[in-house]
Structure formats: structure tokens, C-alpha cells
Amino acid sequence: MGTDKIIISDEDLRKGAEEGMDAFLKVFTDKYLEVTGGEINAETMPMLNGCQHSLLGYHFFREEVLEGGFVQLIQNGYGPYIFDNPFAKAMRLFGAKDFSKLVYEAKKIYDSNKDDLTKDCTDDEFMAMYEQYEVFDDIEEEFMEMEEYTTATIAEYVDEHISDFAEIAGK
């Protein structure tokens, strides 16, 4: 399992790279989502290797936090995927050291409030969480400021270690 199943065409990769780092990474994460059916669970976890999961984790993190902050990330079920896995460590290994520290900061809040943050709730309770967890605000702001640099750093790492993320066909 792992990278032998994830095949990306050289053409798609080139196209993505020409469009920029976001599109370059999206070529990979779209493929991971396709292979896993967009579901990350016990059945689909073995379909991806650690590097692939880390990149997919960044995709979910970035998408959710930019749209609705940590409360949304956690309420949409990505808390365990991000905070209960070595995601922050992987981001450090990918060269995104400041981002890694930021994830560890958020993890402390998540760990000490996990039951409350992950409980099923109504839309009103969900909205109230934003006020209840204003402690995330500064971290979210910090992420917004570093997002572009972090994405570039991760894209560079993926480019330099491409075989860890996919097999490239048609080179």
C-alpha cells in the first residue's frame, strides 16, 4: 500500500506547477481524496503513507482554518486527524517550523478542551464556540499571516521528495 497506489500524471503535475504552489499541492491532495473517497477512517488510512497523510492533513487544516477557524476544523471532524497524529512533527520535518509550533499551540487548547470542542452541537452552539474559544483567534491570525510562506515551504519539500508523495507516470 502507500505510494505504489498513488499515481499522478506528469502532465497534471506540470499543469499544477505552472498555476502555482497551491495548484501544485492540489494535484496531490485531489488524488488522495479520490483514492480514499474523501473519507479518512480505519479502512482508508492504510491507502496513504505518512507523507501523503501529512500533506492531506495540511490541505484540510488550511481549507478549514482559512474558512472557519479551528472551531470549524474540529467540529468538521478533523481534530483527531490533525492533533492526535504526528502532523505537527511532520510539518517541522517538511521545513515549516513556525507552522509546526503553531499547530502544537493549538493542540494544547484542543487537548484540554477536546470533549467540549468535539461534541455534537446545534448551529447556535457551534456559533457560540467562536466566542467561547477566542483563545484560537491569535493563532488563526498568525496562520493567516504565515499561510503563503508555509504553503510555499511545503510545496518545495514535496517537489524535492516527490517519490514520497506519489509515483509520477509518463515522465
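Charges were assigned to the Cβ only: +1 to each Lys and Arg, -1 to each Asp and Glu. The resulting dipole of the chain about its Cα centre is roughly 860 debye. Rolling a 1.4 Å probe across all protein chains gives residue 78 an accessible area of roughly 50 Å². In plain terms, the chain from residue 63 to residue 30 could stretch by 10.6 nm, reckoned as 0.36 nm per residue minus the Cα-Cα distance. A DSSP coil position with no more than 12 other Cβ atoms inside 10 Å describes the following GluC sites (Glu not before Pro) in the stretch 20-70: 39, 43. Compactness of the stretch 51-145 is given as radius of gyration and Dmax, 12.6, 39 Å, from Cα positions. Under a Gaussian network description of the chain, with springs only between Cα atoms under 10 Å, the residue in 153, 29, 44 that fluctuates furthest is 44.
Take the chain with all the other protein chains still there, run a 1.4 Å probe, and you get 53 Å² of accessible area per residue. Calculated from the structure at hand, Cα extents along the principal axes in Å is found among (1) 52, 34, 25; (2) 72, 48, 23; (3) 42, 40, 28 as (1). Of 65, 35, 135, the order by accessible heavy-atom surface (1.4 Å probe, DNA, RNA and ligands excluded), from most exposed downward, is 135, 35, 65. Only protein atoms count toward the accessible area here, which uses a 1.4 Å probe; on the stretch 34-171, the carbon and sulfur part of that area reaches 47 percent.
Mean residue ellipticity, 222 nm, helices only, the chain: the sum of -39500 (n - 2.57) across DSSP H runs of n ≥ 4, divided by residue count and rounded to 500, is -22500 deg cm²/dmol.
For residue 7 and residue 132, the FRET efficiency from 1/(1 + (r/R0)^6), where r spans their Cβ atoms and R0 equals 41 Å, is about 0.40.
Run the reach check for residue 97 against lysines, Cα to Cα strictly under 30 Å, same-chain hits fewer than 8 apart removed. What comes back? Straight-distance partners of residue 97: 5, 15, 26, 31, 89, 107, 108, 114.
The values are calculated or read from the model by the stated rules, or taken from the named source; none is laboratory data. Keep in mind that what you see is a predicted model, and the values were worked out from it rather than measured. All Cβ positions, even for glycine, are placed from backbone atoms using ideal geometry, and neighbour counts span all protein chains on display. Please note that ligands, DNA and RNA were not included when accessible areas were found on the heavy atoms of the full protein model with its side chains. Shrake-Rupley method; radii C 1.70, N 1.55, O 1.52, S 1.80 Å.
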